Amino acid sequence: MGVQGFQEYLEKRCSGAAIPVDLLKLGRTAGRPHHHPHHPGSLPPPPPARILIDADSGLQRLYGGYQTDWVCGGEWNAMLGYLSALSQACLYQGGLELVVVFNGTLGKERWPEWARQAQGQRQTAQLIVNHVGSKATPPPRAWFLPPACLSHCVRLAMFRFRVRVVQTLEDHHQEVLSLYRDFGFCGLIAQDSEFALCNVPAYFSSHALKLSWNGKNLTTHQYLLSEAVRQLGLKTQHLPCFAALLGNHILPDEDLAAFHWSLLGPEHPLASLKVRAHQLVLPPCEVVIKAVSEACGLVLMSLPETNVLLSPPESGVQSPLHHVYPSDFITDKSSGWDAPSGRGGGGDGSHGSGSHGNGSGSHGNGSGSNIPSLLSMATRSHMDITTPPLPQVSDEVLRVAEHRHRRGLMYPQIYHILTKGEMKMAVCIEDDCNSELPPASLLFRAARQYSYGVLFSLAETHRRLERLAMRSRGPLDVPPVIVKEWSSGKSKSALTPELVPALCFREWTCPNLRRLWLGRASEDRSRRTRAFLACLRSDCPALLNPAQVPQHLLLMCCVLRYMMQWPGGGILQRHELDAFLAQAVSNQLYEPDQLQELTVEKVDSRGVQLASLFMAGVDTALLVNDVCGQPLPWEHCCPWGFFDGKLFQTKLARAAQDRLALFDMCEGQEELVSRVKKMRQAILDGINFTRPPPPLPPLSFLPPPPFYPLPPLYPPRPMAQHRPRGFPGLQSIPPQGGKLEIAGMVVGQWAGNKPLRGRGGFIMQVVSVGAGRG
């Protein structure tokens, strides 16, 4: 656990260190106008007090408090109602201005910590699937696993309610503390030991956050670090050394295990547990905290001279894991408050060059010190495979990318793909034992590959090199673009990346990234839309016909069409596709009260996994939309406009009873039936399901050596373009040949065909026409 265990210790072991408070009452007290003794009238009311919310550690409460129906894929309208009530209560009842900060960092310095967390989430996901499969009931609340795309849904909801959004870039903890200090916040709502050890003046629990039903009380716990320090026998200036000796991402607790056992001594009751089955066992977290605090107190109190490493900062709040640096570790204040966040304001960021400061902002948080950060040093080992260098990206595009990233206007991974060529993917609810459904990371990989090709303007590069090859009459040599995808899989470590090549479109040449993002011509919008559709294998005219697919349902239909084109078509069956469409047009979707009263008698395990796959596809579609210059406005990307997990379960249950009961799924309304049929026709337009599914790739991952031959730049044509050539009614014929019999007489015969390598060949078989019956 290391330093991360301190938060739980603070809550459970330090009596009086966590006190209940009402944030709305505190806000009303802070915003109360004061009367000046020499002026009879009151002064103008003060501006609303600012509260900073760390979304990364508070997603469960931002999702909607104590709901238990998160397993069905997401209750997005219920979440929307909760966030609406929360924002209105803070502003109108307490005079508080909420600012939500999202973790937009790659976090590579914390890779082992992230890998352990991802592995734990995968185990939880398997427990959830097993529970639902055996009992058909929602899992316990303690197993909460964020539904796929939850973070982006919360971010979009904040845009809707005009709540300020900030996204960190390089070091999440450091940038959150800098925002808190530099912009006059009166409180931080989070659940993280590193924030607790920073002695933030007003630090509140996000896990205990609770909004009353009438919206007049917003209660939580306030942590008093001074009380915890007193009970541990320390002083505030001892916290940096105390935090470092507990263990962190720089000096892990595994490396400190021997030191921690030495503090306990051989006479400690737990000393016999030090070695079990020839493995070093870590002492319990609360025991380590007590032992380290006693050691810190004894050692540090014995110092007559001042140690610069342990001296408290002169002012401000500073992270204990960066205690060797001055307190003003972020001097670039251009990251957030000059304009309100919103997709309609601020333009494309082409004029917001201030986000780069002195021109070096694309790789750091400021230039206040020449001392390199500890986080830039080598940390725990992970497999870092050498890949070819990334193509050059223009400075203007990078400025726009950073501008949109910091203001939460763009999918957070895009900036890191452009600058580092790496992407990190979250865990969703999947069954490792289910061979019928592919993992989400594999299912939507092709869409990401096309997105990488768009980001690095691969089509333009290919066209330019093709012209050069024609002039020089030499071979065409296109350098590969490889992106490292980090994810936790069944048979691979999260510390081993997948090497994924970027792909180009076969059907047309996509414009370069600068044109897609900043082009203002009328044809640029159609190019953005076509790039979006092509990435999702949905470049067909029917989807752009509003008579068939309403604009706010286009993203949903593209995701469903993509899923239907998985080789073999085994992901979605006909009635399951109808269930998705029926719940999207249902009148209940926009009635939160009816959805809250809706009960699911039996939670279907396959439905849970399909909903999770679908929402992972929505997450990918949000990435594609931002990569292609946002052809779909953000209002049409919000899942609460086309999906509700619990409503999907009810539609699926009706479809399972009678797979042709589309009329029942549409609540007996012919108009809804007609809308479903039109969208289904647009989704299935041009898709051919006759080809057999290819074998799944091996589960074990063996990364190819660097610079070895890679897959072709252009992928094989989608199966919708291929139709089998032959005659209806004729079956396959064996390779040794065949003959044609009419009325028992042989009238013709053929030699066998050799099977084509890799395509299964054209197999022949005996065909009889008009043979007698004896």
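Tabulated data for the structure shown
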{"item": "Residue within segment 160-173 that is out of contact with any helix residue (DSSP H, G or I) (no Cβ under 6 Å at 6 or more places or on another chain), in a helix (DSSP H, G or I) and of a type outside the set (Ser, Thr, Tyr) present", "result": "yes"}
{"item": "Filter result for Asp619 (within 29 Å of Leu418 (Cβ to Cβ) and of a type in the set (D, E, K, R))", "result": "yes"}
{"item": "Cross-chain or 6+ apart pairs with Cβ under 6 Å, segment 529-555 first and not assigned by the TED database to the domain that holds Phe614, then open to solvent by 10 Å² or more (accessible area, probe 1.4 Å) and of a type in the set (Asp, Glu)", "result": "none"}
{"item": "Every residue from segment 394-412 that is open to solvent by 20 Å² or more (accessible area, probe 1.4 Å) and either more than 24 Å from the chain's Cα centre (by Cα) or within 16 Å of Leu156 (Cβ to Cβ) (or both)", "result": "Ser394, Asp395, Glu396, Arg407"}
{"item": "Verdict on Gln596 being surrounded by fewer than 23 Cβ atoms within 10 Å (Cβ to Cβ) and in a helix (DSSP H, G or I)", "result": "yes"}
{"item": "Helices (runs of 4 or more DSSP H) contained entirely in segment 602-719, each with at least 2 residues that are at pLDDT 95 or above and open to solvent by 50 Å² or more (accessible area, probe 1.4 Å)", "result": "670-684"}
{"item": "Matching residues, segment 516-545, being closer than 19 Å to Thr620 by Cβ and among the aliphatic types (A, V, I, L, M)", "result": "Leu516, Ala531, Leu533, Ala534, Leu536, Leu543"}
{"item": "Residue count, segment 531-544 (criterion: on the phi < 0 side of the Ramachandran plot and open to solvent by 60 Å² or more (accessible area, probe 1.4 Å))", "result": "3"}
{"item": "Failed item, numbered, when Ser586 is tested on (1) open to solvent by less than 10 Å² (accessible area, probe 1.4 Å); (2) under 26 Å from the mean Cα position of the chain (by Cα); (3) of a type outside the set (A, V, I, L, M, F, W, C)", "result": "(2)"}
{"item": "Some residue of segment 537-553 being over 24 Å from Ala78 (Cβ atoms) and in contact with a Ser or Thr (Cβ under 9 Å, 6 or more places away or on another chain)", "result": "yes"}
{"item": "Flag if Glu294 is within 20 Å of Cys14 (Cα to Cα), open to solvent by 80 Å² or more (accessible area, probe 1.4 Å) and modelled with pLDDT of 75 or more", "result": "yes"}
{"item": "Ser178 vs. criteria among the small types (Gly, Ala, Ser), open to solvent by less than 10 Å² (accessible area, probe 1.4 Å) and either under 20 Å from Arg406 (Cβ atoms) or not assigned by the TED database to the domain that holds Gly645 (or both)", "result": "yes"}
{"item": "Verdict on Cys149 being touching a Cys at 6+ places or on another chain (Cβ under 8 Å), open to solvent by less than 50 Å² (accessible area, probe 1.4 Å) and within 30 Å of Met556 (Cβ to Cβ)", "result": "no"}
{"item": "Inter-residue pairs, beta-carbon under 8 Å, first under 22 Å from Met564 (Cα atoms) and in segment 578-589, second of a type in the set (S, T, N, Q) and surrounded by fewer than 24 Cβ atoms within 10 Å (Cβ to Cβ), 6+ apart", "result": "Gln583/Thr650"}
{"item": "Test result for Glu485, in contact (Cβ under 8 Å) with a residue 60 or more places away in the chain, among the charged types (D, E, K, R) and surrounded by 15 or more Cβ atoms within 10 Å (Cβ to Cβ)", "result": "yes"}
{"item": "Residue among Thr105, Thr124, Thr137 that alone is under 19 Å from the mean Cα position of the chain (by Cα), β-branched (Val, Ile, Thr) and open to solvent by 30 Å² or more (accessible area, probe 1.4 Å)", "result": "Thr124"}
{"item": "Verdict on Phe195 being within 30 Å of Leu106 (Cβ to Cβ) and of a type in the set (Phe, Trp, Tyr)", "result": "yes"}
{"item": "All positions within segment 50-104 that are among the hydroxyl-bearing types (Ser, Thr, Tyr) and more than 29 Å from Ser605 (Cβ to Cβ)", "result": "Ser57, Ser84, Ser87, Tyr92"}
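This table checks each residue for (1) modelled with pLDDT of 90 or more; (2) farther than 27 Å from Ser586 by Cβ.
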site: Pro45; (1), (2): no, yes
site: Ile53; (1), (2): yes, yes
site: Gly65; (1), (2): no, no
site: Glu97; (1), (2): yes, yes
site: Gly104; (1), (2): yes, yes
site: Gln121; (1), (2): yes, yes
site: Gly133; (1), (2): yes, no
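Listed here are the residues, each with its yes/no results for (1) at pLDDT below 90; (2) of a type outside the set (A, V, I, L, M, F, W, C).
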position: Ser212; (1), (2): no, yes
position: Leu218; (1), (2): no, no
position: Ala228; (1), (2): no, no
position: His238; (1), (2): yes, yes
position: Leu251; (1), (2): yes, no
position: Glu254; (1), (2): yes, yes
position: Ala258; (1), (2): yes, no
position: Glu267; (1), (2): yes, yes
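The rows are residues; the columns are (1) at pLDDT below 95; (2) surrounded by 20 or more Cβ atoms within 10 Å (Cβ to Cβ); (3) at positive phi.
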site: Gly354; (1), (2), (3): yes, no, no
site: Ser360; (1), (2), (3): yes, no, no
site: Ile371; (1), (2), (3): yes, no, no
site: Leu374; (1), (2), (3): yes, no, no
site: Ala378; (1), (2), (3): yes, no, no
site: Ile385; (1), (2), (3): yes, no, no
site: Pro389; (1), (2), (3): yes, no, no
site: Thr419; (1), (2), (3): no, no, no
site: Tyr450; (1), (2), (3): no, yes, no
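The values are calculated or read from the model by the stated rules, or taken from the named source; none is laboratory data. Keep in mind it's a predicted model, so treat the numbers as computed, not measured. When we count neighbours, we look across all protein chains shown, and the Cβ atoms used for this are built from the backbone with ideal geometry, even at glycine. We work out accessible area using only protein heavy atoms, side chains counted, and drop any ligands, DNA or RNA first. Shrake-Rupley method; radii C 1.70, N 1.55, O 1.52, S 1.80 Å.
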